[in-house]
Amino acid sequence: MPLHLRFGADDLLRCRFAVSPLCETHEAVRTLRRTERHGYHLPWLRRMRGAVRGLDLSPLALLMPTPSGYTPDFLGPPPLPVQPDV
C-alpha cells in the first residue's frame, strides 16, 4: 500500500534547504574511503589525491564505523543561523 503525503503552501514555507559543512566534510571523507563507488566523483578524487596524501583520517573513521553505515545525526547538525542572509 503506497503512502501518499499531501503538502500545502504553508508546509512548503516551513521547509529550508542549507548546506551543512560538517555533513559535506563527512561525505567527502566517505568518498575518499570508497573511491570505487563514486565514478562521478573521479575528477574531484584526482584533484584531491595529492592534497590528502599523508593525511591521517583515522580519527574521523572512528565516527564512521562502516563505509556505508549510518552516521549519527549529531555529527551533521543543521547549519546556523536558521535564516541565512542569502
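The values are calculated or read from the model by the stated rules, or taken from the named source; none is laboratory data. Since the structure is predicted, the reported quantities are computational estimates derived from the model, not experimental observations. Side chains included, ligands, DNA and RNA excluded: accessible areas come from the protein's heavy atoms. Shrake-Rupley method; radii C 1.70, N 1.55, O 1.52, S 1.80 Å.
Residue count for the range 49-58, restricted to those that are in a helix (DSSP H, G or I), at pLDDT 85 or above and of a type outside the set (D, E, K, R): 3. Restricting attention to the range 25-46, the residues that are of a type in the set (A, V, I, L, M) and more than 14 Å from the chain's Cα centre (by Cα) total 2. Looking only at residues in the range 60-77 that are open to solvent by 90 Å² or more (accessible area, probe 1.4 Å) and part of a loop (DSSP other than H, G, I, E, B), the one that is modelled with the lowest pLDDT is Pro65. From Arg46, Arg30, Arg16, grab the single residue that is part of a helix (DSSP H, G or I), open to solvent by 70 Å² or more (accessible area, probe 1.4 Å) and not β-branched (Val, Ile, Thr). When all the criteria are applied, what remains is Arg46.
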